[in-house]
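Since the structure comes first, as structure tokens, the remarks are kept for the end.
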Amino acid sequence: MTTSESTILGHFGQYGGRFVPEALIGALEELEAAHISALKDPIFQAELAHLHLTYTGRPSILTEAKRFAEYAGGARILLKREDLNHTGSHKINNVLGQALLTKRMGKKRIIAETGAGQHGVASATAAALMGLECVVYMGEEDTRRQSLNVARMKILGAEVVPVTTGSRTLKDAINEAMRDWVTNVETTHYLLGTVAGPHPFPTMVRDFHKIIGEEAKIQVQELVGRLPDAVLACVGGGSNAIGIFHDFIKDASVRLIGLEAGGDGVETGRHAATITGGTAGVLHGTRSYVLQDKNGQTVESHSISAGLDYPGVGPEHAYLHDIGRAEYRAITDAQAMHAFSLLSKTEGIIPAIETAHALAGAIQVGNELGPDAVLLLNLSGRGDKDVQTAAEYFGIPL
Amino acid sequence: MTATLEQLFVKVRAENRAALIAYIPAGFPTIEGCKKAIKALVDGGVDAIEIGFPYSDPVMDGPIIQAAAEQSLAQGTGAADVFSALKCATDAGVAAVVMTYWNPIERYGVDEFAQSIADNGGSGVITPDLTIEESERWIAATNRNGISPIYVVAPSTNDSRLGKVTSHCSGFIYAASLMGVTGTRTSISSGASDLVTRIRKVSELPIAVGLGVSNHVQAREVAGYADGVIVGSAFIKCLLEADTEEDGLRAITELAQDLAKGVREGR
């Protein structure tokens with residue numbers, strides 16, 4: 001078996017599915033049909049491959065982090081450099097795919113939500129490249145934390161709408177994007193940025209990101225002559241993680257480890273570790289793990305990382321967790337910022353704070369497995385956007 | 001004496017008019033204020049009441065209902081308050097249903113939720129984000145407890161899907177008048193009457209039209225072709241904008257009286 005989902009309406013065990021207003025069903029069916037036909041269309045695939053070669057900068061390289069590894073039990077740490085993609089993260093993989101699908105469906109306008117701003121920047125970039133109108137919804141709190149990315153989106157010609165409802169973060173940006181979509185569905189594609197949301201998004205977004213794991217598997221085997229012992233990635237909604245995990249799901253010897261945002265610590269309640277600290281429920285059109293109270297109201301998440309600050313998670317991760325194929329751990333803000341600083345100082349690579357959670361996981365797992373272990377880590381984004389947050393955290397005057 | 005949805009639609013058909021259905025979130029403007037609002041709506045001539053279960057992520061709702069939900073949740077409104085508001089409505093003698101996003105039902109327990117609706121005299125539940133494909137447990141639970149599962153259909157719902165969705169409905173079919181979220185609109189989209197015409201071809205159930213209706217003229221227009229007229233945001237706006245609770249309650253009674261005239265003038 002190469003995939004972990006059932007084919008009926010995008011269910012992954014009891015997770016996934018479609019929990020949306022009837023008004024969106026037509027658009028979701030249209031999108032599903034466009035995705036399925038594009039998968040089989042050699043012209044579409046060639047166009048996407050050409051964009052990845054000449055625009056994204058794929059294949060992304062593999063970098064061995066030898067000095068960083070000294071702090072991780074001496075295990076070999078191999079970084080899949082999605083941070084070197086155009087726009088600075090893995091997000092471009094999905095965005096280019098969905099933007100091509102938007103054109104295929106004859107739509108002229110895309111809307112997107114963004115937390116850290118990486119998906120918003122990638123969406124604005126693809127819209128500029130393909131001549132689409134682009135509106136990005138972003139929680140007001142996040143526009144403050146990630147003001148540099150707001151400016152980038154505007155420079156690229158997108159409209160950025162600050163969302164002032166609820167917790168004013170990613171969850172509320174998704175609510176607002178869904179309201180826009182319900183209203184403008186005939187002309188507009190909702191370019192969802194993660195492996196959550198109603199079917200077909202979790203499956204489709206995964207399909208656009210699975211290239212990460214496919215490339216990495218070949219690169220790791222060329223370098224070390226075998227499969228890695230573990231594959232690590234940070235998990236907010238879970239798109240970069242599913243992208244690097246997917247091709248390894250069938251390789252039972254390879255541990256898949258997702259690192260969630262533990263905020264101040266899961267025990268404090270101030271965290272965004274949805275699988276570690278949440279319960280099964282429905283949010284934003286899909287059944288998965290959710291941070292919720294006894295009445296089923298979504299609880300606000302907390303993380304130093306805007307990109308992981310989300311009280312839901314992709315349904316395939318919920319399923320991989322429940323069947324024991326993948327494991328999920330929580331990394332606190334402090335552990336993540338330590339790893340952020342360490343990679344910067346030992347390897348000359350400033351990672352995104354999201355990615356720093358995976359790096360903190362590598363320190364743990366490397367120390368557990370020792371020097372014979374090979375760890376593959378998805379270096380999902382670069383940290384330029386986080387310089388202000390990091391400077392504040394470390395007390396560096398600006 | 002409690003009325004049921006079934007009795008209500010028999011009655012309004014006999015009177016050759018549409019039913020006036022009002023939406024109010026539980027716990028809004030306060031837990032007790034909601035019960036006064038229910039009474040004010042009934043005094044104004046509303047035929048049925050939808051009690052909203054306020055939810056943290058209401059993607060089908062516009063700014064007015066969002067604001068009401070936020071105000072209600074800030075006071076800690078939970079499932080028990082929803083059921084007690086439902087009972088308040090049924091005790092006042094009108095048919096009553098609950099309208100809720102799906103997650104609060106799943107969290108409460110699917111069977112338990114349906115049973116609590118029945119125990120408090122409710123006729124059914126409107127679930128705007130529950131698709132037919134995900135409904136198996138819910139349909140079984142509503143059947144077991146003798147309440148109506150009520151689904152929302154939209155102008156974009158194609159004919160074959162209309163047949164499928166409405167075949168699982170009972171009580172009435174909720175026809176969304178337009179593509180969009182809840183809120184008051186200056187005019188009713190022509191898509192509403194087209195949708196009702198299409199639904200009539202596949203179902204004999206009563207059809208109530210919601211989204212955007214806020215005044216006498218619109219109520220009269222919709223009553224011309226639908227069996228029920230649903231008004232939510234306009235009532236909530238009365239309460240949000242009033243200086244005192246008394247003023248707000250008086251305003252909703254007056255609006256209900258005005259709309260009640262409208263639903264009797266449509267044919």
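The values are calculated or read from the model by the stated rules, or taken from the named source; none is laboratory data. A quick note: this is a predicted structure, and the numbers were derived from the prediction, not measured. Virtual Cβ from ideal backbone geometry, glycine too; neighbours counted across all protein chains shown.
Within region B:126-150, take every residue that is under 15 Å from the mean Cα position of the chain (by Cα) and at the interface with chain A (Cβ under 7 Å from one of its Cβ atoms) and give me the one that is nearest to B:K201 (Cα to Cα). Applying the filter and picking the extreme gives B:P128. Return a yes/no flag: does region A:196-212 have any residue that is touching a Phe, Trp or Tyr at 6+ places or on another chain (Cβ under 7 Å) and either within 14 Å of chain B (Cβ to nearest Cβ) or surrounded by fewer than 24 Cβ atoms within 10 Å (Cβ to Cβ) (or both). Yes; the residues of region A:196-212 include at least one that is touching a Phe, Trp or Tyr at 6+ places or on another chain (Cβ under 7 Å) and either within 14 Å of chain B (Cβ to nearest Cβ) or surrounded by fewer than 24 Cβ atoms within 10 Å (Cβ to Cβ) (or both). With respect to (1) of a type in the set (G, A, S); (2) closer than 15 Å to B:G248 by Cα; (3) within 11 Å of another protein chain (Cβ to nearest Cβ), the lone exception for B:G62 is condition (2).
So is B:A80 within 14 Å of chain A (Cβ to nearest Cβ) and within 30 Å of A:V163 (Cβ to Cβ) or not?
Numbers: within 14 Å of chain A (Cβ to nearest Cβ): yes; within 30 Å of A:V163 (Cβ to Cβ): no.
No: the conditions fail for B:A80.
Per the listing A:G88, A:G73, A:G97, the residue uniquely more than 23 Å from A:T187 (Cα to Cα), crowded, with 20+ Cβ neighbours inside 10 Å and out of contact with any strand residue (DSSP E or B) (no Cβ under 6 Å at 6 or more places or on another chain) is A:G73. Residue count for region B:157-191 satisfying the condition of being away from every other protein chain (no Cβ under 13 Å) and under 18 Å from the mean Cα position of the chain (by Cα): 5.
Give me a count of the residues in region A:155-179 that are among the basic types (K, R), touching a residue at least 12 places away in the same chain (Cβ under 8 Å) and either over 21 Å from A:C234 (Cβ atoms) or away from every other protein chain (no Cβ under 14 Å) (or both). Show your work before the answer.
Step one: list which residues in region A:155-179 are among the basic types (K, R), which gives A:168, A:171, A:179.
Among the residues that remain, those that are also touching a residue at least 12 places away in the same chain (Cβ under 8 Å) are: A:168, A:171.
Filter once more, so that each one left must be either over 21 Å from A:C234 (Cβ atoms) or away from every other protein chain (no Cβ under 14 Å) (or both): A:168.
Counting residues in region A:155-179 that are among the basic types (K, R), touching a residue at least 12 places away in the same chain (Cβ under 8 Å) and either over 21 Å from A:C234 (Cβ atoms) or away from every other protein chain (no Cβ under 14 Å) (or both) gives 1.
B:K36 passes all but one of (1) surrounded by 20 or more Cβ atoms within 10 Å (Cβ to Cβ); (2) in contact (Cβ under 8 Å) with a residue 40 or more places away in the chain; which number fails? All conditions pass for B:K36, except number (1).
Please specify each residue of region B:39-58 satisfying the condition of being in contact (Cβ under 8 Å) with a residue 40 or more places away in the chain, within 14 Å of another protein chain (Cβ to nearest Cβ) and under 16 Å from the mean Cα position of the chain (by Cα).
Filtering region B:39-58 down to residues in contact (Cβ under 8 Å) with a residue 40 or more places away in the chain leaves B:39-53, B:55, B:57-58.
Still in the running and within 14 Å of another protein chain (Cβ to nearest Cβ): B:52-53, B:55, B:57-58.
Of everything in region B:39-58, those that are in contact (Cβ under 8 Å) with a residue 40 or more places away in the chain, within 14 Å of another protein chain (Cβ to nearest Cβ) and under 16 Å from the mean Cα position of the chain (by Cα) turn out to be B:G52, B:F53, B:Y55, B:P58.
Residues A:E82, A:E5: which one is within 28 Å of A:L375 (Cβ to Cβ), surrounded by 18 or more Cβ atoms within 10 Å (Cβ to Cβ) and modelled with pLDDT under 95?
Only one candidate passes the filter, namely A:E5.
Just to verify a result, which residue in region A:180-195, among those that are facing another protein chain (nearest Cβ under 9 Å) and part of a loop (DSSP other than H, G, I, E, B), is farthest from A:N240 (Cα to Cα)? Filtering region A:180-195 for residues that are facing another protein chain (nearest Cβ under 9 Å) and part of a loop (DSSP other than H, G, I, E, B), the one farthest from A:N240 (Cα to Cα) comes out as A:E186. Checked against (1) touching a helix residue (DSSP H, G or I) at 6+ places or on another chain (Cβ under 9 Å); (2) β-branched (V, I, T); (3) surrounded by fewer than 22 Cβ atoms within 10 Å (Cβ to Cβ), A:T187 passes all but a single condition, namely (1). For B:D159, the stated conditions hold: it is farther than 20 Å from B:L20 by Cα and modelled with pLDDT of 95 or more.
Across region A:142-184, what is the number of residues that are among the aliphatic types (A, V, I, L, M), surrounded by 19 or more Cβ atoms within 10 Å (Cβ to Cβ) and closer than 17 Å to A:I304 by Cα? Total meeting the criteria: 1. Filtered by the rule that a residue be among the hydroxyl-bearing types (S, T, Y) and within 12 Å of A:A330 (Cβ to Cβ), region A:259-290 gives A:T268, A:T274, A:T276. Scanning region B:1-30 for residues that are out of contact with any Pro (no Cβ under 9 Å at 6 or more places or on another chain), buried (at least 17 other Cβ atoms within 10 Å of the Cβ) and under 22 Å from B:T77 (Cα atoms) gives B:A22, B:Y23, B:I24, B:P29.
For region B:86-124, which residues satisfy the criterion of being closer than 20 Å to B:G27 by Cα and within 14 Å of chain A (Cβ to nearest Cβ)? Correct list: B:V98, B:M99, B:T100, B:Y101, B:W102, B:N103, B:P104, B:I105, B:R107, B:Y108, B:F113, B:S116.
Farther than 24 Å from A:L170 by Cβ, assigned to a helix (DSSP H, G or I) and in contact with a helix residue (DSSP H, G or I) (Cβ under 7 Å, 6 or more places away or on another chain): does that describe A:L398? Walk me through it before giving the result.
Values: farther than 24 Å from A:L170 by Cβ: yes; assigned to a helix (DSSP H, G or I): no; in contact with a helix residue (DSSP H, G or I) (Cβ under 7 Å, 6 or more places away or on another chain): yes.
No: the conditions fail for A:L398.
Residue check: is A:T279 of a type in the set (S, T, Y), within 14 Å of chain B (Cβ to nearest Cβ) and touching a residue at least 60 places away in the same chain (Cβ under 8 Å)?
Numbers: of a type in the set (S, T, Y): yes; within 14 Å of chain B (Cβ to nearest Cβ): yes; touching a residue at least 60 places away in the same chain (Cβ under 8 Å): no.
Against the criterion (of a type in the set (S, T, Y), within 14 Å of chain B (Cβ to nearest Cβ) and touching a residue at least 60 places away in the same chain (Cβ under 8 Å)), A:T279 does not qualify.
Scanning region B:15-54 for residues that are in a helix (DSSP H, G or I) and either touching a strand residue (DSSP E or B) at 6+ places or on another chain (Cβ under 8 Å) or at pLDDT below 95 (or both) yields B:C34, B:A37, B:I38, B:L41, B:V42.
Yes or no, residue by residue, for (1) surrounded by fewer than 24 Cβ atoms within 10 Å (Cβ to Cβ); (2) over 15 Å from B:T127 (Cβ atoms); (3) small (G, A, S); (4) touching a Ser or Thr at 6+ places or on another chain (Cβ under 6 Å):
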site	(1), (2), (3), (4)
B:T142	no, no, no, no
B:I150	no, no, no, no
B:S160	yes, yes, yes, no
B:V165	yes, no, no, no
B:T186	yes, yes, no, no
B:D194	yes, yes, no, no
B:K201	yes, yes, no, no
B:L205	yes, yes, no, no
B:Y225	yes, yes, no, yes
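What is the residue count in region A:11-58 for residues that are more than 13 Å from chain B (Cβ to nearest Cβ) and of a type outside the set (V, I, T)? Show your work before the answer.
Step one: filter region A:11-58 for residues more than 13 Å from chain B (Cβ to nearest Cβ), giving A:12-13, A:31, A:33-58.
Subsequent filtering for residues that are of a type outside the set (V, I, T) retains A:12-13, A:31, A:33-35, A:37-42, A:44-53, A:55, A:57-58.
Within region A:11-58, residues that are more than 13 Å from chain B (Cβ to nearest Cβ) and of a type outside the set (V, I, T) number 25.
Look at (1) free of Cβ contacts under 8 Å to residues at least 12 places away in the same chain; (2) surrounded by 21 or more Cβ atoms within 10 Å (Cβ to Cβ) and you find that A:K294 fails only one, number (2).
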